[in-house]
1. Looking at G273, G241, G205, which is the one that is at pLDDT 75 or above and small (G, A, S)?
2. Return yes when A118 is aliphatic (A, V, I, L, M) and under 22 Å from D178 (Cα atoms) and no when it is not.
3. Any idea which residue in the stretch 120-158 is surrounded by the fewest Cβ atoms within 10 Å (Cβ to Cβ), counting only those that are of a type in the set (S, T, N, Q) and assigned to a strand (DSSP E or B)?
4. All but one of (1) in contact with a helix residue (DSSP H, G or I) (Cβ under 9 Å, 6 or more places away or on another chain); (2) free of Cβ contacts under 8 Å to residues at least 40 places away in the same chain hold for G156; which doesn't?
5. Across the stretch 61-91, what is the total count of residues that are more than 18 Å from the chain's Cα centre (by Cα) and closer than 30 Å to D275 by Cβ?
6. Taking the condition among the aromatic types (F, W, Y), at pLDDT below 75 and surrounded by 12 or more Cβ atoms within 10 Å (Cβ to Cβ), does Y187 pass?
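The values are calculated or read from the model by the stated rules, or taken from the named source; none is laboratory data. Quantities reported herein were computed from a predicted structural model and do not represent experimental measurements. Note: ideal-geometry Cβ built from the backbone for every residue, glycine included; neighbour counts use all protein chains shown.
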Amino acid sequence: MSFWWRVAEFFGFERPTSSAPQFEIDAGSIPAQIFGLESYSSTIGPAPKVARREAIQVPAVKRGRDLIAGEIGSIPFRLLDTENVTHVSSLLDQPERNHPRSITMTRLVEDLLFEGKAYWWTRERDYRNYPAYVWRVDPCSQVDVDGYLHVSMPNGDEVKVPPRDYVLFESPTDGILDAGARAIRTYLKLSAAADRYADSPLPQGYFTPRPDADPDQTDVEDFLDDWTKARQTRADAYVPGLVDYKTLQWDPEKLQLDAARSAAVVEIGRVLGIDPEDLGVSTTSRTYQNSQDRRISKINESIGMYVSAIQERLSMPDITPRGYRVLADFNGFLRADDLSRFQVYKLGITMGIYDRNAVAEREGLPQPTFAMPRPALPAGSDSTSREAT
């Protein structure tokens, strides 16, 4: 306690206990649901939504975003007719004029992953009046009661986009900024605790004044500043006679901050639907899988639902003409090794499923200029009747 407060208390002034604003909630007129609680006595209220800027600083979230949004962004989408013939589509080849297709699709999946929804604003249409080029819109943009999308422009103006001029993509699951808010905040708190230990130089402990000492608060702050500065220049310390120094009985290792952060990463992986091994947490429950099997597992467990939501939305009649549909082409994503691929091609040619032109197309090679030989007939078969057929 400082000298001046002692003088003030002598004349009857009371020292304030807190400078923070105080207020009370009228529980009778303000329901607890406004604050996200079942009741004011609830101890398990939902954690508030995390901002994307905070969440992306968590390495597990950043890695999960790259594994889901980045991999889907590299998968091409094809416009197919009823006979599975691929047709050219400017919207699928390059949705935004000034951005590559992979960038636009990655950001689309990122919006679905974080916010649970995404918007495309139709800027140009083709000769059939279907969307040809779009703009990505902030997924936090609001839609009014009339269905108009309010878009904030770079110059500060706000544009009301009618329902027919924007495309709403919806995620089949909740955005991780809501669903994973508790797990992400837990990791951020644990990381902040570890940072505090990293910033505090050794030795770590606390000071207690001796009975004959009564330091002023300002003097205490100056003393601690001098102590911190001295510890940054030398390891050995000198404790003045007016205080006693006591070392702490715990450290980051005893607090198990690293283990707690690994547990938080596992929880984030569960929210994302990603194997903890892919987020850097070693587990012993995995069975052996080759790279293609792991990619198939990714489609089934994490990225498949986002791909289905996107291709089904792009296949709806306001975007794609009737009789056409949009499908994701996983051929490159599930690409096996050379030996396995050509064994499959050989079997497909023998069965008549593939021809050499189809094989060249799948491999990205020029079309052969020679005709494909007929498959050999089984021994004892009638070649005349076979050719007639």
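1. Numbers: G241 fails: at pLDDT 75 or above; G205 fails: at pLDDT 75 or above.
Answer to the check: G273.
2. Considered against the rule, which asks whether it is aliphatic (A, V, I, L, M) and under 22 Å from D178 (Cα atoms), A118 comes out as yes.
3. Q142
4. (1)
5. So the count comes out to 3.
6. Criteria not met by Y187.
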